[in-house]
1. Quick test for you: out of Glu78, Glu110, pick the one residue that is within 19 Å of Asp173 (Cβ to Cβ), among the charged types (D, E, K, R) and over 15 Å from the mean Cα position of the chain (by Cα).
2. Only residues that are touching a Pro at 6+ places or on another chain (Cβ under 7 Å) and more than 28 Å from Asn178 (Cβ to Cβ): list them for segment 71-126, please.
3. So if I check each of Ser44, Ser100, Ser81, which one is open to solvent by 60 Å² or more (accessible area, probe 1.4 Å), under 27 Å from Leu208 (Cα atoms) and without any contact (Cβ under 8 Å) to a residue 24 or more places away in the chain?
4. Which helices (runs of 4 or more DSSP H) does segment 96-190 wholly contain that include 2 or more residues that are among the charged types (D, E, K, R) and over 22 Å from Thr50 (Cβ atoms)?
5. When you look at Leu230, is it surrounded by 15 or more Cβ atoms within 10 Å (Cβ to Cβ), outside any helix (DSSP H, G or I) and at pLDDT below 95, yes or no?
6. It is to be established whether one or more residues within segment 152-175 are out of contact with any strand residue (DSSP E or B) (no Cβ under 8 Å at 6 or more places or on another chain), modelled with pLDDT of 90 or more and closer than 20 Å to Gly46 by Cβ.
7. Tell me yes or no: at least one residue of segment 199-209 is closer than 22 Å to Phe102 by Cβ, in a strand (DSSP E or B) and over 19 Å from the mean Cα position of the chain (by Cα).
8. Within the set of pairs 6+ apart or on separate chains, which have a first residue in segment 177-203 that is open to solvent by less than 20 Å² (accessible area, probe 1.4 Å), a second that is part of a helix (DSSP H, G or I) and aromatic (Phe, Trp, Tyr), and C-beta atoms under 8 Å apart?
Amino acid sequence: MIELKDVSYVYHLSDTDGNRIINPVISHLSMTIPGGEFVVLTGSSGCGKTTLCRMINGLVPHYFEGELKGKILVDGEEVSSQPIYQTAKKVGSVFQNPRSQFFNVDTTSELAFTAENQGRNPESILHDIKDVTKKLNIETLLDRSMFQLSGGEKQKIACGSVAVADQPVIVLDEPTSNLDMEAIKDLEIILEKWKKAGKTIVIAEHRLFFLRNLADRVFVLEDGALKHELTGKQFRELQIEEMEDMGLRTD
């Protein structure tokens, strides 16, 4: 379970003269995401959905400088009070640009990387790589140079690495931003498999068409606050005009 209790967050930034800029992005936000739920975070650029992803995976407050108020809990543990590696045991992340999360130059090593950092048995990791690549249909990407992959293939490796690590919670921050339609369809298949496996999935996205049959709930953010909360059924029944009124993409 993921819980946010009256959470506010302000990034500490500086201008070119070194003067501090106060940039509030999350304002008194509360929500609860039960285990196994598929949640979509959406809204216009700058609404706070990326920051919300960073709160769940621990990058806020441990990596990005700022002022956090309220509580963020994952599986009952407060994210701000434990090292980020502890949160990473429970939360896997897929970023907007997968290159920003790669640590290896070949695909098989990258698939193993997070699991190796968990201290897992090498034989167990190799077994899981074989199993995951078969289930995700990415066996042809094994033993490849990371520099020779397309954007869609890199995103598949990022997803595969999370799958091998097998965390119960998966956070994805605008994973389709650099993908074509074929790659988005492949991602949809991976998400569907994760949902059937009972993973808790939180995905921040502008593109919503491929999530209609996956979402259990949709949170629409505006200026760091929750503007609309929709059930999966309500989301699927939205008309184009209603989506446009909410400021959501219809394509």
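The values are calculated or read from the model by the stated rules, or taken from the named source; none is laboratory data. Since the model is a prediction, treat every value here as computed from it, not as a measurement. Neighbour counts run over all protein chains shown; Cβ positions are idealised from the backbone, glycine included. Side chains are part of the model used for accessible areas, which takes the heavy atoms of the whole protein and leaves out ligands, DNA and RNA. Shrake-Rupley method; radii C 1.70, N 1.55, O 1.52, S 1.80 Å.
1. Being within 19 Å of Asp173 (Cβ to Cβ), among the charged types (D, E, K, R) and over 15 Å from the mean Cα position of the chain (by Cα) holds for just one of Glu78, Glu110, which is Glu110.
2. Once the filter is applied, which keeps residues that are touching a Pro at 6+ places or on another chain (Cβ under 7 Å) and more than 28 Å from Asn178 (Cβ to Cβ), segment 71-126 yields only Ser80.
3. Ser100
4. The helices (runs of 4 or more DSSP H) meeting that bar are 107-117, 122-135.
5. It is false that Leu230 is surrounded by 15 or more Cβ atoms within 10 Å (Cβ to Cβ), outside any helix (DSSP H, G or I) and at pLDDT below 95.
6. There is no residue in segment 152-175 that is out of contact with any strand residue (DSSP E or B) (no Cβ under 8 Å at 6 or more places or on another chain), modelled with pLDDT of 90 or more and closer than 20 Å to Gly46 by Cβ.
7. no
8. Ile184/Phe210; Leu187/Phe210; Ile201/Trp194
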